[in-house]
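No lab work stands behind these numbers, since they all come straight from the coordinates. Keep in mind that this is a model prediction, so the values were computed, not measured. Cβ placement follows ideal geometry from the backbone for every residue including glycine, while neighbour counts extend to all protein chains displayed.
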2 protein chains.
Amino acid sequence: MSVLVVGSIALDTVKTPVEEHSDLLGGSACYAALGASFFSPVRLVGIVGHDFPESEFQFWKSRKIDSEGVQRVNGKTFRWSGEYAWDLNTRETRSIALNVFEHFEPVLPESYRRTDFVLLANIAPSLQSHVLDQMERPRFVVADTMDLWIKTTRSDLDALLRSVDLLILNDSEAREMTKETSLIKAGRRIRKMGPRYIASEMTKETSLIKAGRRIRKMGPRYIAIKKGEHGALLFGEDDQFFSCGAYPLEDIHDPTGAGDTFAGGMAGYLAGTVKKVHFNDLRRAMIYGSVLASFCVEAFSLERLRSLSMEEIGRRYETFKLMSQFEVPSA
Amino acid sequence: MSVLVVGSIALDTVKTPVEEHSDLLGGSACYAALGASFFSPVRLVGIVGHDFPESEFQFWKSRKIDSEGVQRVNGKTFRWSGEYAWDLNTRETRSIALNVFEHFEPVLPESYRRTDFVLLANIAPSLQSHVLDQMERPRFVVADTMDLWIKTTRSDLDALLRSVDLLILNDSEAREMTKETSLIKAGRRIRKMGPRYIASEMTKETSLIKAGRRIRKMGPRYIAIKKGEHGALLFGEDDQFFSCGAYPLEDIHDPTGAGDTFAGGMAGYLAGTVKKVHFNDLRRAMIYGSVLASFCVEAFSLERLRSLSMEEIGRRYETFKLMSQFEVPSA
């Protein structure tokens, strides 16, 4: 089955402590679509300007990524520029130019409306909802998000969550999301915790486990929390829980897009492999998402993913098995 | 087989954002010995003052923890006081009173010298070496350490490492340890990395995977890196690698002693179960260490460990299996 992917398509400038590159192909939809394409056909939704390379449309075609849903308009493509700190764990956005993205209103081609699997890659929750509204009862909806939307468009996000099957977010975002927005609720929680806490801090969940379980109650049946070099957690019904490490990489060249690729790998694996999604399918999907993300960060932009083979993916999947099993007899 | 455990025996004062307790039984040896005792008999080495509760000796006896190696001298027991930040992830030492520990020179009873398994719990590396020197060719030596020794007694630690089979340390300590002490080496490394790095930072390893592999080259055959809520990593020969998550706890009451209990659980499991240690044994040992640490933090001091049963340990071990497997068919 196919997976519909909507998100940003961007030209990035990325600076790490050792390198800087500009005009890189990026954006959540590009990473997610390419990640998903290893497992299933993709229907891509997005917007680009006149400066966007024609060659990319050819590349998508060669990878069974349908670009009928990508609008090409006059103006410049969305641009993002970011700089990573020395440890590559934190980054700062240096500049954003929305350009053609500013007035983007995703309109799904007729042929897209009956796609069974949907990945709402990281864009504003109102746009994610707008896409979902045009679809005819998809089977499984995956949504990715980021701190910006949690902080600035929380009610849009809350509305979206009621239609989402799997929400993907990172650890700091999960903690951010469990901050009480209601002062009344916050006050009640503070009272239960004793007088020594600072109010502004205590309303933010410190336990990721609690955060994951609480976010499940906001709507999505499943929550995946990405923890970068520490792997990922998965929460399901009845306290179902899965935890996996990250692939043991020695060197990371550019973390940009790792989360989008993770989401793409998960959604693509589900669309390509599973009819009705159960928790055990999501376990494997998370491993494949982790495998793809581990390749993504080995080079700038989409370069490593472009040259990646299914055989390489299979080998890292086997490594994940070896590195996580403990009920094996001694040699 | 028995495991010899040497480390500190302390009376602690612990303050978390919600509670404060004083005169708690603590110290690396107490946590480690009790952790190990679930799997094998323990021979304890340490020192206490006249203010140390007699009842603890009775408790040890009831748990097959031999206290013949615990010196009782005139003076006050070692005291430590610490305060945890609101998220319980960082702590500050408020005060330390070495007391009887200041002139501690561990002397092993004759009956201890032929113990096959040794856990050098967290104390000064010179004391750890002193204990090891009195032993007759132990089969497997586990050592725990902390940032203080890495920073202040590095050459003692380096000397010890050559006799250690398994070194246990936490993630920030692993990064700390891979700092080049030689300016010449640091200079060479800086040159290879490009001019944008800040010299003082770039000599500290940012990749935990690289750090783990580099520390292996300093002597120990195996390295276990504890990552708190993110689980633990294990490194062995030929890039053998194991990664496990942490038990999904919602609430932590007191993180004190979690690392010591982890080390005790690992060493005890090995002593009680394994003749010749292989990497696959260490995988299971790390799970048992994690299980015990997860109980430790559920209450202040040793309280939760005192009431813990093998059945409860077994149930959490099963949870670890469930939460880490991904090659299971869909329900």
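Numbers for the structure displayed
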{"item": "Rounded, prolate or oblate (a/c below 1.5 giving rounded, otherwise prolate when a/b exceeds b/c) for chain B by Cα gyration tensor", "result": "rounded"}
{"item": "Distance between modelled label sites at B:HIS50 and A:VAL107, nm, 7 Å Cα→Cβ extension", "result": "9.2"}
{"item": "Trypsin sites (Lys or Arg not before Pro) lying in DSSP loop within the stretch B:64-128, provided at most 15 other Cβ fall within 10 Å", "result": "B:LYS64, B:ARG113, B:ARG114"}
{"item": "Residues in the stretch A:105-139 reached by a label modelled at A:GLU68 [backbone nitrogen below 13 Å; 7 Å Cα→Cβ]", "result": "A:108-115"}
{"item": "Charge sum, other residues only, whose C-beta stays under 13 Å from B:PHE279's C-beta, Lys/Arg counted +1 and Asp/Glu -1", "result": "0"}
{"item": "Cα shape, the stretch A:12-167, gyration tensor, a/c 1.5 rule", "result": "oblate"}
{"item": "Nearest-to-axis residue of chain B, judged by beta-carbon position, where the axis maps B onto A, in Å", "result": "B:HIS230, 2"}
{"item": "Relative contact order (percent, whole number), the stretch B:231-316, Cα cutoff 8 Å, 6+ residue spacing", "result": "32"}
{"item": "Rounded to 5, the percent of DSSP beta bridges in the stretch A:1-160 classed as antiparallel", "result": "30"}
{"item": "Prolate/oblate/rounded call for the stretch B:62-153, Cα gyration tensor, a/c under 1.5 rounded", "result": "prolate"}
{"item": "Rounded to 5, percent antiparallel among DSSP beta bridges of chain B", "result": "35"}
{"item": "Mean separation of Cα contacts under 8 Å, 6 or more apart, over the residue count of chain A: relative contact order %", "result": "18"}
{"item": "Formal net charge of residues neighbouring B:ARG94 (Cβ-Cβ distance under 10 Å; K, R +1; D, E -1)", "result": "0"}
{"item": "DSSP-defined antiparallel bridges as percent of all bridges, the protein assembly as shown, nearest 5", "result": "40"}
{"item": "Inter-copy separations for B:PRO329, label at 7 Å along Cα-Cβ, nm, ascending", "result": "2.4"}
{"item": "Inter-label distance for B:GLU20 and B:GLN58, nm, one decimal - labels placed 7 Å from Cα along Cα-to-Cβ", "result": "3.1"}
{"item": "The stretch B:226-289: trypsin sites (Lys or Arg not before Pro) falling in loop per DSSP and having at most 16 other Cβ within 10 Å", "result": "B:LYS275, B:LYS276"}
{"item": "Inter-copy separations for B:SER172, label at 7 Å along Cα-Cβ, nm, ascending", "result": "1.7"}
{"item": "Within 10 Å of each Cβ in B:246-256, the average number of Cβ atoms from other chains", "result": "4"}
{"item": "Label distances, nm, A:ARG316 versus same residue in remaining copies, Cβ-directed 7 Å point", "result": "3.3"}
